[in-house]
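Participant: Take this structure first; my questions come after.
The values are calculated or read from the model by the stated rules, or taken from the named source; none is laboratory data. In this text the structure is predicted, and so the values were computed from the model without any measurement. Note: ideal-geometry Cβ built from the backbone for every residue, glycine included; neighbour counts use all protein chains shown.
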Amino acid sequence: MVVLHFDKKEDIEEAIRSNDLAVLHFYATWAEQNELMTEVFEELSKQQHLQNVKFMKCVAEDLPEVSIKHNIAAVPTFVLFKKGSVVDRVDGADAPSLTKKINQQASKVSFLAPKPVLQSDEEGLKTRLKNLINAAPVMLFMKGSALEPRCGFSKTIIAILEELNTDYKTFDILSDETVRQGLKTYSDWPTYPQLYVKGELIGGLDIVKEMKENGELEKLLPKKQSLDERLKALINSSDVIVFMKGDRTTPRCGFSRQLMEILTETGIKFQTFDILTDEEVRQGLKTFSNWPTYPQVYVKGELIGGLDIIKDLKEAGELESSLKGSSS
(Lines give C-alpha, C1' and ligand atoms only; values in the text may rest on other atoms or scores of the structure.)
Protein backbone atom coordinates (compact mmCIF):
# COMPACT_ATOMS: atom_id res chain seq x y z
CA MET A 1 0.00 0.00 0.00
CA VAL A 2 1.36 3.41 -0.97
CA VAL A 3 0.81 6.60 1.02
CA LEU A 4 -1.84 8.64 -0.77
CA HIS A 5 -1.65 12.44 -0.86
CA PHE A 6 -4.93 14.33 -0.48
CA ASP A 7 -5.56 18.00 -1.18
CA LYS A 8 -9.37 18.13 -0.95
CA LYS A 9 -11.45 17.98 2.23
CA GLU A 10 -14.20 15.94 0.54
CA ASP A 11 -11.77 13.25 -0.65
CA ILE A 12 -10.31 12.88 2.84
CA GLU A 13 -13.73 12.56 4.43
CA GLU A 14 -14.79 9.93 1.90
CA ALA A 15 -11.59 7.91 2.41
CA ILE A 16 -12.00 8.04 6.20
CA ARG A 17 -15.63 6.88 6.02
CA SER A 18 -15.05 4.07 3.54
CA ASN A 19 -12.11 2.31 5.23
CA ASP A 20 -12.05 0.02 8.25
CA LEU A 21 -8.82 1.65 9.42
CA ALA A 22 -7.24 4.82 8.05
CA VAL A 23 -4.30 6.92 9.25
CA LEU A 24 -3.98 10.56 8.20
CA HIS A 25 -0.59 12.28 8.43
CA PHE A 26 -0.77 16.07 8.78
CA TYR A 27 2.58 17.55 7.71
CA ALA A 28 4.36 20.65 6.42
CA THR A 29 7.17 20.70 3.85
CA TRP A 30 9.13 23.27 5.86
CA ALA A 31 9.19 21.29 9.14
CA GLU A 32 12.49 19.41 9.55
CA GLN A 33 11.06 16.83 11.96
CA ASN A 34 8.63 15.72 9.24
CA GLU A 35 11.35 14.07 7.17
CA LEU A 36 12.02 11.22 9.61
CA MET A 37 8.34 10.64 10.34
CA THR A 38 7.50 10.61 6.64
CA GLU A 39 10.05 7.82 6.15
CA VAL A 40 8.62 5.88 9.12
CA PHE A 41 5.08 6.33 7.79
CA GLU A 42 6.05 5.12 4.32
CA GLU A 43 7.83 2.08 5.75
CA LEU A 44 4.74 1.17 7.79
CA SER A 45 2.61 1.41 4.65
CA LYS A 46 4.77 -1.28 3.04
CA GLN A 47 4.31 -3.81 5.84
CA GLN A 48 2.45 -6.91 4.66
CA HIS A 49 0.30 -7.19 7.79
CA LEU A 50 -0.83 -3.58 7.33
CA GLN A 51 -1.72 -3.90 3.64
CA ASN A 52 -5.42 -3.16 4.27
CA VAL A 53 -4.76 0.00 6.30
CA LYS A 54 -5.35 3.22 4.37
CA PHE A 55 -2.26 5.43 4.72
CA MET A 56 -2.94 9.08 3.82
CA LYS A 57 -1.23 12.44 4.12
CA CYS A 58 -2.06 16.11 3.61
CA VAL A 59 -0.36 19.49 4.04
CA ALA A 60 -1.94 20.84 7.23
CA GLU A 61 -1.90 24.52 6.28
CA ASP A 62 -3.44 23.82 2.86
CA LEU A 63 -6.55 22.29 4.47
CA PRO A 64 -7.38 24.55 7.43
CA GLU A 65 -10.93 23.18 7.86
CA VAL A 66 -9.66 19.63 8.24
CA SER A 67 -6.82 20.72 10.53
CA ILE A 68 -9.14 22.71 12.80
CA LYS A 69 -11.68 19.88 12.91
CA HIS A 70 -9.03 17.47 14.21
CA ASN A 71 -7.29 19.97 16.52
CA ILE A 72 -3.98 20.02 14.67
CA ALA A 73 -1.79 22.38 16.68
CA ALA A 74 1.60 21.26 15.32
CA VAL A 75 3.13 19.02 12.70
CA PRO A 76 3.66 16.18 12.29
CA THR A 77 0.41 14.82 13.71
CA PHE A 78 -1.12 11.43 12.90
CA VAL A 79 -4.83 10.72 13.40
CA LEU A 80 -6.20 7.16 13.32
CA PHE A 81 -9.78 6.56 12.15
CA LYS A 82 -11.95 3.46 12.30
CA LYS A 83 -14.89 3.71 9.88
CA GLY A 84 -14.95 7.48 10.17
CA SER A 85 -14.43 7.83 13.92
CA VAL A 86 -11.20 8.96 15.57
CA VAL A 87 -9.77 6.12 17.67
CA ASP A 88 -6.27 7.42 18.44
CA ARG A 89 -3.63 9.98 17.50
CA VAL A 90 0.08 10.73 17.76
CA ASP A 91 1.22 14.33 18.17
CA GLY A 92 4.82 15.07 17.22
CA ALA A 93 7.76 13.02 15.94
CA ASP A 94 7.23 9.87 18.02
CA ALA A 95 8.02 6.91 15.74
CA PRO A 96 7.72 4.13 18.39
CA SER A 97 4.32 5.42 19.50
CA LEU A 98 3.05 5.70 15.92
CA THR A 99 4.17 2.16 15.09
CA LYS A 100 2.64 0.76 18.26
CA LYS A 101 -0.72 2.49 17.86
CA ILE A 102 -1.16 1.56 14.20
CA ASN A 103 -0.32 -2.08 14.97
CA GLN A 104 -2.70 -2.08 17.95
CA GLN A 105 -5.62 -0.74 15.94
CA ALA A 106 -4.89 -3.04 12.99
CA SER A 107 -4.98 -6.07 15.30
CA LYS A 108 -8.51 -5.10 16.39
CA VAL A 109 -9.87 -5.00 12.84
CA SER A 110 -10.91 -8.22 11.10
CA PHE A 111 -9.59 -7.60 7.62
CA LEU A 112 -10.72 -9.86 4.82
CA ALA A 113 -8.21 -12.37 3.51
CA PRO A 114 -6.33 -11.19 0.41
CA LYS A 115 -8.07 -11.99 -2.87
CA PRO A 116 -6.51 -14.62 -5.13
CA VAL A 117 -4.57 -13.28 -8.10
CA LEU A 118 -6.85 -13.13 -11.14
CA GLN A 119 -5.89 -12.99 -14.80
CA SER A 120 -6.92 -9.32 -14.89
CA ASP A 121 -4.50 -8.65 -12.01
CA GLU A 122 -1.69 -10.31 -13.97
CA GLU A 123 -2.46 -8.19 -17.03
CA GLY A 124 -2.47 -5.10 -14.83
CA LEU A 125 0.97 -6.02 -13.46
CA LYS A 126 2.34 -6.53 -16.98
CA THR A 127 1.09 -3.10 -17.97
CA ARG A 128 2.65 -1.53 -14.88
CA LEU A 129 6.00 -3.24 -15.48
CA LYS A 130 6.01 -2.15 -19.12
CA ASN A 131 5.32 1.44 -18.06
CA LEU A 132 8.12 1.32 -15.47
CA ILE A 133 10.62 -0.12 -17.94
CA ASN A 134 9.78 2.68 -20.36
CA ALA A 135 9.64 5.44 -17.72
CA ALA A 136 13.01 6.76 -18.96
CA PRO A 137 15.32 5.96 -21.89
CA VAL A 138 17.65 4.24 -19.40
CA MET A 139 16.06 2.51 -16.40
CA LEU A 140 17.96 0.64 -13.70
CA PHE A 141 16.07 -1.69 -11.36
CA MET A 142 18.26 -2.05 -8.29
CA LYS A 143 18.41 -2.42 -4.53
CA GLY A 144 18.33 1.07 -3.09
CA SER A 145 18.82 4.30 -5.04
CA ALA A 146 21.59 5.98 -7.01
CA LEU A 147 22.56 7.94 -3.89
CA GLU A 148 22.22 4.97 -1.52
CA PRO A 149 22.79 1.60 -3.24
CA ARG A 150 21.85 -1.28 -0.92
CA CYS A 151 24.14 -3.99 -2.32
CA GLY A 152 27.59 -4.27 -3.88
CA PHE A 153 26.31 -5.16 -7.37
CA SER A 154 24.01 -2.13 -7.43
CA LYS A 155 26.80 0.12 -6.16
CA THR A 156 29.15 -1.10 -8.90
CA ILE A 157 26.67 -0.63 -11.75
CA ILE A 158 25.82 2.89 -10.53
CA ALA A 159 29.54 3.72 -10.56
CA ILE A 160 29.76 2.55 -14.18
CA LEU A 161 26.76 4.62 -15.28
CA GLU A 162 28.13 7.70 -13.52
CA GLU A 163 31.59 7.19 -15.02
CA LEU A 164 29.99 7.25 -18.48
CA ASN A 165 27.96 10.38 -17.57
CA THR A 166 24.74 8.49 -18.28
CA ASP A 167 21.30 10.08 -18.13
CA TYR A 168 19.30 7.43 -16.25
CA LYS A 169 16.55 6.77 -13.71
CA THR A 170 16.36 4.08 -11.03
CA PHE A 171 13.65 2.02 -9.33
CA ASP A 172 14.21 0.57 -5.87
CA ILE A 173 12.95 -3.04 -5.97
CA LEU A 174 13.15 -3.20 -2.17
CA SER A 175 10.27 -0.73 -2.05
CA ASP A 176 7.86 -2.93 -4.03
CA GLU A 177 7.84 -6.72 -3.70
CA THR A 178 5.29 -7.11 -6.49
CA VAL A 179 7.59 -5.39 -8.97
CA ARG A 180 10.62 -7.22 -7.58
CA GLN A 181 9.12 -10.66 -8.21
CA GLY A 182 7.06 -9.77 -11.27
CA LEU A 183 9.96 -8.33 -13.26
CA LYS A 184 11.94 -11.55 -12.88
CA THR A 185 9.20 -13.41 -14.75
CA TYR A 186 8.33 -10.60 -17.16
CA SER A 187 11.91 -10.29 -18.45
CA ASP A 188 12.97 -13.87 -17.71
CA TRP A 189 15.93 -12.57 -15.70
CA PRO A 190 16.18 -13.88 -12.12
CA THR A 191 18.61 -11.44 -10.49
CA TYR A 192 19.18 -7.74 -9.84
CA PRO A 193 20.29 -5.16 -10.82
CA GLN A 194 18.66 -5.11 -14.28
CA LEU A 195 19.47 -2.42 -16.84
CA TYR A 196 17.00 -1.41 -19.59
CA VAL A 197 17.62 0.89 -22.54
CA LYS A 198 14.61 2.14 -24.53
CA GLY A 199 12.46 -0.57 -22.97
CA GLU A 200 14.82 -3.43 -23.82
CA LEU A 201 16.68 -5.50 -21.23
CA ILE A 202 20.46 -5.14 -21.53
CA GLY A 203 21.24 -7.44 -18.61
CA GLY A 204 22.84 -7.43 -15.21
CA LEU A 205 26.20 -6.32 -13.86
CA ASP A 206 28.32 -8.93 -15.68
CA ILE A 207 26.93 -8.02 -19.10
CA VAL A 208 27.20 -4.30 -18.37
CA LYS A 209 30.86 -4.76 -17.36
CA GLU A 210 31.57 -6.73 -20.53
CA MET A 211 29.90 -4.13 -22.75
CA LYS A 212 31.85 -1.36 -21.03
CA GLU A 213 35.14 -3.14 -21.64
CA ASN A 214 34.50 -3.61 -25.37
CA GLY A 215 33.19 -0.06 -25.83
CA GLU A 216 29.60 -1.01 -26.71
CA LEU A 217 28.02 0.39 -23.56
CA GLU A 218 29.16 4.00 -23.97
CA LYS A 219 27.77 4.11 -27.53
CA LEU A 220 24.42 2.80 -26.31
CA LEU A 221 23.81 5.11 -23.35
CA PRO A 222 22.55 8.71 -23.64
CA LYS A 223 24.62 11.38 -21.88
CA LYS A 224 23.41 13.71 -19.15
CA GLN A 225 22.76 17.27 -20.17
CA SER A 226 24.58 19.97 -18.27
CA LEU A 227 22.30 21.79 -15.85
CA ASP A 228 22.29 24.92 -18.02
CA GLU A 229 21.36 22.86 -21.09
CA ARG A 230 18.58 21.17 -19.16
CA LEU A 231 17.20 24.45 -17.81
CA LYS A 232 17.30 26.03 -21.26
CA ALA A 233 15.40 23.06 -22.69
CA LEU A 234 12.81 23.25 -19.91
CA ILE A 235 12.07 26.97 -20.25
CA ASN A 236 11.70 26.50 -24.01
CA SER A 237 9.54 23.37 -23.74
CA SER A 238 6.34 25.44 -24.09
CA ASP A 239 5.47 28.93 -25.34
CA VAL A 240 4.31 29.71 -21.79
CA ILE A 241 5.66 27.71 -18.85
CA VAL A 242 5.37 28.30 -15.12
CA PHE A 243 7.87 26.98 -12.57
CA MET A 244 5.93 26.65 -9.33
CA LYS A 245 5.26 24.65 -6.18
CA GLY A 246 2.81 21.96 -7.26
CA ASP A 247 0.97 22.01 -10.58
CA ARG A 248 -2.02 23.78 -12.10
CA THR A 249 -4.54 21.42 -10.45
CA THR A 250 -2.81 21.19 -7.06
CA PRO A 251 -0.77 24.35 -6.36
CA ARG A 252 1.24 23.93 -3.14
CA CYS A 253 1.50 27.55 -1.99
CA GLY A 254 -0.65 30.66 -1.96
CA PHE A 255 1.44 32.53 -4.56
CA SER A 256 1.24 29.62 -7.00
CA ARG A 257 -2.50 29.28 -6.41
CA GLN A 258 -3.11 32.98 -7.15
CA LEU A 259 -1.00 32.78 -10.29
CA MET A 260 -2.93 29.77 -11.59
CA GLU A 261 -6.21 31.65 -11.15
CA ILE A 262 -4.91 34.68 -13.05
CA LEU A 263 -3.39 32.70 -15.93
CA THR A 264 -6.42 30.43 -16.28
CA GLU A 265 -8.66 33.49 -16.66
CA THR A 266 -6.70 34.58 -19.76
CA GLY A 267 -7.58 31.38 -21.65
CA ILE A 268 -4.00 31.17 -22.94
CA LYS A 269 -2.46 27.69 -22.93
CA PHE A 270 0.44 27.16 -20.55
CA GLN A 271 2.45 24.34 -19.00
CA THR A 272 3.73 23.98 -15.43
CA PHE A 273 6.79 22.42 -13.81
CA ASP A 274 6.69 21.39 -10.14
CA ILE A 275 9.96 22.57 -8.56
CA LEU A 276 9.23 20.46 -5.46
CA THR A 277 9.95 17.34 -7.55
CA ASP A 278 13.43 18.41 -8.66
CA GLU A 279 15.77 20.21 -6.25
CA GLU A 280 18.44 20.64 -8.93
CA VAL A 281 16.05 22.61 -11.13
CA ARG A 282 14.65 24.50 -8.13
CA GLN A 283 18.06 25.84 -7.09
CA GLY A 284 19.62 26.04 -10.54
CA LEU A 285 16.91 28.18 -12.10
CA LYS A 286 17.36 30.85 -9.42
CA THR A 287 20.93 31.40 -10.63
CA PHE A 288 20.27 30.76 -14.33
CA SER A 289 17.62 33.50 -14.50
CA ASN A 290 18.91 35.63 -11.61
CA TRP A 291 15.48 35.44 -9.95
CA PRO A 292 15.48 34.14 -6.35
CA THR A 293 11.82 33.27 -5.77
CA TYR A 294 8.94 31.21 -7.14
CA PRO A 295 6.67 31.04 -9.06
CA GLN A 296 8.43 32.13 -12.27
CA VAL A 297 6.68 32.68 -15.62
CA TYR A 298 8.51 32.26 -18.96
CA VAL A 299 7.24 33.19 -22.42
CA LYS A 300 9.10 31.80 -25.45
CA GLY A 301 12.15 31.14 -23.30
CA GLU A 302 12.26 34.60 -21.71
CA LEU A 303 11.55 35.30 -18.03
CA ILE A 304 8.51 37.54 -17.50
CA GLY A 305 8.69 37.48 -13.70
CA GLY A 306 6.78 36.33 -10.65
CA LEU A 307 3.32 36.90 -9.22
CA ASP A 308 3.76 40.65 -8.56
CA ILE A 309 4.78 41.38 -12.16
CA ILE A 310 1.94 39.24 -13.52
CA LYS A 311 -0.50 41.20 -11.32
CA ASP A 312 0.96 44.51 -12.57
CA LEU A 313 0.63 43.39 -16.19
CA LYS A 314 -2.97 42.35 -15.58
CA GLU A 315 -3.86 45.71 -14.01
CA ALA A 316 -2.23 47.53 -16.93
CA GLY A 317 -4.16 45.44 -19.46
CA GLU A 318 -0.90 44.05 -20.88
CA LEU A 319 -0.97 40.48 -19.56
CA GLU A 320 -2.47 38.70 -22.56
CA SER A 321 -0.17 40.41 -25.06
CA SER A 322 2.83 39.65 -22.83
CA LEU A 323 1.87 35.97 -22.62
CA LYS A 324 1.55 35.85 -26.40
CA GLY A 325 5.05 37.28 -26.71
CA SER A 326 3.90 40.43 -28.46
CA SER A 327 3.88 44.08 -27.47
CA SER A 328 0.63 45.92 -26.79
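Participant: For the range 14-56, what are the residues that are of a type in the set (D, E, K, R) and within 15 Å of Leu4 (Cα to Cα)?
Facilitator: Passing the criteria: Glu14, Glu39, Glu42, Glu43, Lys46, Lys54.
Participant: Right, here's the next one. Anything in the range 148-168 that is surrounded by fewer than 17 Cβ atoms within 10 Å (Cβ to Cβ), part of a loop (DSSP other than H, G, I, E, B) and of a type outside the set (A, V, I, L, M, F, W, C)? List them, or say none.
Facilitator: Glu148, Arg150, Asn165, Asp167
Participant: May I pose another question? For Gly254, are the conditions met, namely being at positive phi and either surrounded by fewer than 18 Cβ atoms within 10 Å (Cβ to Cβ) or in contact with a strand residue (DSSP E or B) (Cβ under 9 Å, 6 or more places away or on another chain) (or both)?
Facilitator: So Gly254 does not fit the description; no.
Participant: Test Lys324 against the criterion of being at pLDDT below 95, within 18 Å of Leu259 (Cα to Cα) and either β-branched (Val, Ile, Thr) or surrounded by fewer than 17 Cβ atoms within 10 Å (Cβ to Cβ) (or both), and give yes or no.
Facilitator: Yes; evaluated as a whole, the condition is true for this residue.
Participant: Just wondering, is there one or more residues in the range 271-286 that are in contact (Cβ under 8 Å) with a residue 24 or more places away in the chain, of a type in the set (Val, Ile, Thr) and under 30 Å from Gln194 (Cα atoms)?
Facilitator: Yes, the range 271-286 contains at least one residue that is in contact (Cβ under 8 Å) with a residue 24 or more places away in the chain, of a type in the set (Val, Ile, Thr) and under 30 Å from Gln194 (Cα atoms).
Participant: If you don't mind, there's one more thing I want to ask. If you check every pair at least six apart or on different chains, which have Cβ atoms under 7 Å apart with a residue in the range 174-201 that is free of Cβ contacts under 8 Å to residues at least 12 places away in the same chain first and a residue that is surrounded by 15 or more Cβ atoms within 10 Å (Cβ to Cβ) second?
Facilitator: Pro190/Lys184
Participant: Filter the range 10-33 for residues that are closer than 17 Å to Gly246 by Cβ and outside any strand (DSSP E or B) and give the result.
Facilitator: Those that are closer than 17 Å to Gly246 by Cβ and outside any strand (DSSP E or B): Asp11, Ala28, Thr29, Trp30.
Participant: Of everything in the range 5-29, what is within 16 Å of Leu63 (Cα to Cα) and surrounded by fewer than 16 Cβ atoms within 10 Å (Cβ to Cβ)? Give them in sequence order.
Facilitator: Once the filter is applied, which keeps residues that are within 16 Å of Leu63 (Cα to Cα) and surrounded by fewer than 16 Cβ atoms within 10 Å (Cβ to Cβ), the range 5-29 yields His5, Asp7, Lys8, Lys9, Glu10, Asp11, Glu13, Glu14, Ala28, Thr29.
Participant: Of the residues Lys286, Lys209, Lys223, which is modelled with pLDDT under 90 and more than 20 Å from His5 (Cβ to Cβ)?
Facilitator: Selected residue: Lys223, the only one of Lys286, Lys209, Lys223 that is modelled with pLDDT under 90 and more than 20 Å from His5 (Cβ to Cβ).
Participant: Quick one: Gly267 ticks every box in (1) touching a residue at least 24 places away in the same chain (Cβ under 8 Å); (2) of a type outside the set (A, V, I, L, M); (3) at positive phi bar one, so which box is it?
Facilitator: All conditions are met except number (1).
Participant: Pick from the range 169-191 the residues that are in contact with a helix residue (DSSP H, G or I) (Cβ under 6 Å, 6 or more places away or on another chain) and not hydrophobic (A, V, I, L, M, F, W, C): which of them is surrounded by the fewest Cβ atoms within 10 Å (Cβ to Cβ)?
Facilitator: Pro190
Participant: Follow-up. Just need a number here: residues in the range 135-157 that are more than 21 Å from Pro190 (Cβ to Cβ) and at pLDDT 90 or above.
Facilitator: 2
Participant: Which numbered condition in (1) part of a helix (DSSP H, G or I); (2) among the hydrophobic types (A, V, I, L, M, F, W, C); (3) assigned by TED's automatic domain parsing to the domain that holds Lys126 is the only one that Phe171 fails?
Facilitator: (1)
Participant: Inspect all residues belonging to the range 31-38 and state whether any of them is over 27 Å from Glu177 (Cα atoms) and touching a Lys or Arg at 6+ places or on another chain (Cβ under 9 Å).
Facilitator: Scanning the range 31-38 turns up no residue that is over 27 Å from Glu177 (Cα atoms) and touching a Lys or Arg at 6+ places or on another chain (Cβ under 9 Å).
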